[in-house]
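For reference, the structure discussed in these notes is given below.
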Amino acid sequence: MNLQGRDFLKEIDFTQLEFLYLIDLAIDLKAQKRERREVRRMVGRNICLIFEKTSTRTRCAFEVAAFDQGAQTTYLDGLSSQVGHKESIADTARVLSRYYDAIEYRGKTQSQVEELAEYSGVPVYNGLTDEWHPTQMLADFMTMIEHSGKRPNEIAFTYVGDARSNMGNSLLVTSALLGADIRIASPKQLWPAEDVQALARDLAEKNGGKILLTEDMDEALPGSDFVHTDVWVSMGESAEVWKERVELLGSYQVNDAALAKTGNPNAKFMHCLPGFHNEQTTVGREIAHKTGMHDGLEVTHDVFESPASVVFDQAENRLHTIKAIMVATIGD
């Protein structure tokens, strides 16, 4: 399948077959790396990584993926470039695409990464915006395939918590694109926006997917193969909203009781990370002391560290799926 020169700005940039091809390529690249038989298909390529928002997994995944494949990277953060300060996104795109074979952007608004792609002469990858998180979706569905032995159209899973975020949007739309059965359990005011729901329902109708949005965990969880969650306050939101968000979402914590409600002894727990499951981080400690939630926030420590948790497999798969995107779009 020829994906040369393609951008990856949001999930629907690829068809269902193209999306599945990228996952299957990632599975193959993962096996090649593990067995030390990886073929370097990006020798001589140069990739620019623009990070206006901080990152651990996304940055490291892009850098290691590039190095594994013989490419070089340049990292630019908000303080080490003129992007959006003294130089417009459009001008930046036209300059960088003369130097690099691809550009990754992780920032705030979707409009910025789309403008970057519009003016760039090379592929642009969305490492995360407030609206979408497409590279994470490849990793999530790869992980679900590996741990269930099912294809996406055979998988049922529940996303619990703040679904008005990029993760809620992306999981809903990607599930619909791939024909999966997604259930979202969240207070109604934290459901994805109406236009995102409409897009997902249209895709689900075309691809045989199932969608359930409910405020009732008991309705969403039964029969789920996986239970996903994410932090309750996203990057860029004020710390002042924590108390309100905890009050709103406290009953949506993923704990042993929530996993038991799936009725599936093999149900797995997923989280895109970082996760607040204990008080070993500054934020986790502060919020626990403010709210009294000392047994984790969106997930309990017991569940996070349990055999049901596949969060570190999920994190590892960021590397293999990001590598697949680059190999498919700029590799030999």
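The values are calculated or read from the model by the stated rules, or taken from the named source; none is laboratory data. All of these numbers come straight from a predicted model, not from anything done at the bench. All Cβ positions, even for glycine, are placed from backbone atoms using ideal geometry, and neighbour counts span all protein chains on display.
What to note about this one:
- Selection from region 165-199 of residues that are part of a loop (DSSP other than H, G, I, E, B) and either touching a Cys at 6+ places or on another chain (Cβ under 8 Å) or under 25 Å from Tyr21 (Cβ atoms) (or both): Gly179, Ala180
- Residues in region 200-241 that are polar (S, T, N, Q) and either in a helix (DSSP H, G or I) or in contact with a strand residue (DSSP E or B) (Cβ under 8 Å, 6 or more places away or on another chain) (or both): Asn207, Thr214, Ser224, Thr229.
- Single unsatisfied condition, Glu244 versus (1) more than 22 Å from the chain's Cα centre (by Cα); (2) outside any loop (DSSP other than H, G, I, E, B); (3) surrounded by 13 or more Cβ atoms within 10 Å (Cβ to Cβ): (3)
- For region 1-13, a residue qualifies if it is farther than 17 Å from Val122 by Cα and either aromatic (Phe, Trp, Tyr) or buried (at least 20 other Cβ atoms within 10 Å of the Cβ) (or both), and exactly one does: Glu11.
- Filtered residue count, region 290-299, keeping only those that are surrounded by 22 or more Cβ atoms within 10 Å (Cβ to Cβ) and either out of contact with any Gly (no Cβ under 9 Å at 6 or more places or on another chain) or assigned to a strand (DSSP E or B) (or both): 1
- Taking region 96-108 as the range and being modelled with pLDDT of 95 or more and either surrounded by fewer than 16 Cβ atoms within 10 Å (Cβ to Cβ) or not in a helix (DSSP H, G or I) (or both) as the test, the residues that pass are Arg98, Tyr99, Tyr100, Asp101, Ala102, Ile103, Glu104, Tyr105, Arg106.
- Residues in region 121-131 that are in contact (Cβ under 8 Å) with a residue 60 or more places away in the chain and either buried (at least 24 other Cβ atoms within 10 Å of the Cβ) or polar (S, T, N, Q) (or both): 6 in all.
- Inspection of region 255-266 identifies at least one residue that is in contact (Cβ under 8 Å) with a residue 40 or more places away in the chain, outside any loop (DSSP other than H, G, I, E, B) and under 18 Å from Arg183 (Cα atoms).
To keep it simple, each residue is scored yes or no on (1) assigned to a helix (DSSP H, G or I); (2) within 29 Å of Ala71 (Cβ to Cβ); (3) hydrophobic (A, V, I, L, M, F, W, C).
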site	(1), (2), (3)
Phe276	no, no, yes
Gln280	no, no, no
Ala288	yes, no, yes
Pro307	no, no, no
Gln314	yes, yes, no
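- Residue among Asp140, Asp162 that alone is outside any helix (DSSP H, G or I) and touching a residue at least 40 places away in the same chain (Cβ under 8 Å): Asp162
- Scanning region 191-213 for residues that are acidic (Asp, Glu) and under 20 Å from Phe14 (Cα atoms) returns Asp195, Asp202, Glu205.
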